[in-house]
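**Q** Here it is: the structure, laid out below.
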Amino acid sequence: MPVAGADSPMPPDRRHDFHHLPPASRASPAVTAHWLVKSEPDAFSWDQQVAVGVEPWTGVRNALAARNLREMRLGDLAFFYHSNEGREIVGIVEVAREAYPDPTEESGRWCCVDMRALRSVPRRVTLAAMKAEPRLEGLALIRQSRLSVVPVSPAHWAVLSEMAGL
C-alpha cells in the first residue's frame, strides 16, 4: 500500500487509516503534529506566503525531509523559518493538503504539501536565541541544521511559542 504522496494523493477514505504508514508516524488521527519548515526569503518569503494564503511547499529534494512531508497530516502546524537571511521563525502555517507528487519535478519520487499561512509571530525567534535556550536541547533544527523540514516535539513547540510571544 503506498504512503500518502509517494505516487498519488491519499484518497479521502484512507485519511484516517494509519496501518500503511511508517512506524514513526503518530498513533492517533486526533494528535496534531508540529513541524518547522525552512525557506530562503529571497526565494519564497513569509510575506509571499501570507499574500498567497495557501501555497504548495515544493522543491524538497532530501529523502529525510521528504519523508517528513509525507508524515504531515491535514491541520498539522509548522513554524515558518527564514533560512540564510535572518535565520529566524517568522510565522505559523498549517498543512492544508497532505502529501502529493511535487509538480516541479517529473520522476514522481518527490512530494509536496500545501501550507496555509495562519499568523505572524509577535516576536521573531532567531537561531542564536534557540541555541542559547537550554530547554531546546535536542531540537532537530539545531541537530540537523541543513534539513528543510523537521519535526518539533510538543515540549519544544511550547518553548518556541513562548519565545515567539504566542
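**Q** Would you mind finding the one in ARG135, ARG97, ARG61 that is surrounded by fewer than 22 Cβ atoms within 10 Å (Cβ to Cβ), under 24 Å from ALA158 (Cα atoms) and among the basic types (Lys, Arg)? Steps first, please.
**A** Numbers: ARG97 fails: under 24 Å from ALA158 (Cα atoms); ARG61 fails: under 24 Å from ALA158 (Cα atoms).
Matching residue, one of ARG135, ARG97, ARG61: ARG135.
**Q** Would you mind stating whether SER39 is out of contact with any Cys (no Cβ under 7 Å at 6 or more places or on another chain), surrounded by 20 or more Cβ atoms within 10 Å (Cβ to Cβ) and at pLDDT below 95? Full working, then the answer.
**A** Values: out of contact with any Cys (no Cβ under 7 Å at 6 or more places or on another chain): yes; surrounded by 20 or more Cβ atoms within 10 Å (Cβ to Cβ): yes; at pLDDT below 95: yes.
Yes; evaluated as a whole, the condition is true for this residue.
**Q** Can I ask one more? Looking at the range 105-120, which of the residues that are at pLDDT 95 or above and not hydrophobic (A, V, I, L, M, F, W, C) is surrounded by the fewest Cβ atoms within 10 Å (Cβ to Cβ)?
**A** For the range 105-120, the residue satisfying everything is ARG119.
**Q** Would you check if there is a residue in the range 9-28 being touching a Gly at 6+ places or on another chain (Cβ under 8 Å) and modelled with pLDDT under 95? Steps first, answer last, please.
**A** Here is the first cut: in the range 9-28, the residues touching a Gly at 6+ places or on another chain (Cβ under 8 Å) are none.
No: zero hits.
The values are calculated or read from the model by the stated rules, or taken from the named source; none is laboratory data. Not measured: the values here are computed from a predicted model. For neighbour counting, all protein chains shown are included, and Cβ atoms are generated from backbone atoms with ideal geometry for every residue, glycine included.
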